[in-house]
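A short worksheet on the structure shown next.
All of the numbers you see were taken from the coordinates with simple rules; none came from a lab. If you're wondering where the values come from, they're calculated on a predicted model, not measured in any experiment. Note: ideal-geometry Cβ built from the backbone for every residue, glycine included; neighbour counts use all protein chains shown.
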Amino acid sequence: MSGRDEIASFLQDFFLKMDIWQIIYRDDRGKNVRALIELEITPSKRTEIIRNLRIFDYCDGPLKDTLHSGADLWVFGRVVKGREVYIKISLGNPNNPVICISFHIADIKMNYPFKT
């Protein structure tokens, strides 16, 4: 588990890079697209939800990206329309967009160490 300062630093870097390079979504994963349909939200609403992540939404990370050997992965959660949503994001590669690997309804109850 990371401390508040490390999470805040990651989020600051993530949002800054997102402003410059945008964000790409792994919508090739069916469960990410199904979440938009189930939650009845648009892709732009999904981006707004991610842009509004805060320290108290943190669940886990940084985690090594063992699948693509990319930047570390960070897990956050948010309640959207009464459903808990699992969000996994990464800074991506240098000079490239940030990445949202997962944005789907949580499979299990999530833990929020900084939520009061």
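A few notes on this one:
- Spread over its residues, the convex hull of the C-alpha atoms of the stretch 54-107 is 91 Å³ per residue.
- Cα-projected label distance for Asn52 with Glu6, points at 7 Å along beta-carbon direction, nm: 2.8 nm
- A Cβ-based charge dipole, computed about the Cα centre of the chain with Lys and Arg at +1 and Asp and Glu at -1, lands at about 300 debye.
- Peptides ranked, highest mean first, by Cβ atoms within 10 Å: ranges 77-88, 39-50: 77-88, 39-50
- Each part gets one Cα centre, and for the stretch 1-28 versus the stretch 37-116 those centres are 9 Å apart.
- The relative contact order of the chain comes to 30 percent, based on Cα pairs under 8 Å that sit 6 or more residues apart.
- The alpha carbon radius of gyration of the chain, expressed as a multiple of 2.2 N^0.38 Å, is 0.99.
- Residues whose amide H comes within less than 5 Å of that of Glu84, counting only those at least five positions distant or on another chain, are Ala106 (H built at 1.01 Å from N in the peptide plane).
- Taking every lysine pair in the chain that is 8 or more places apart or spans two chains, those with Cα atoms closer than 18 Å amount to 11.
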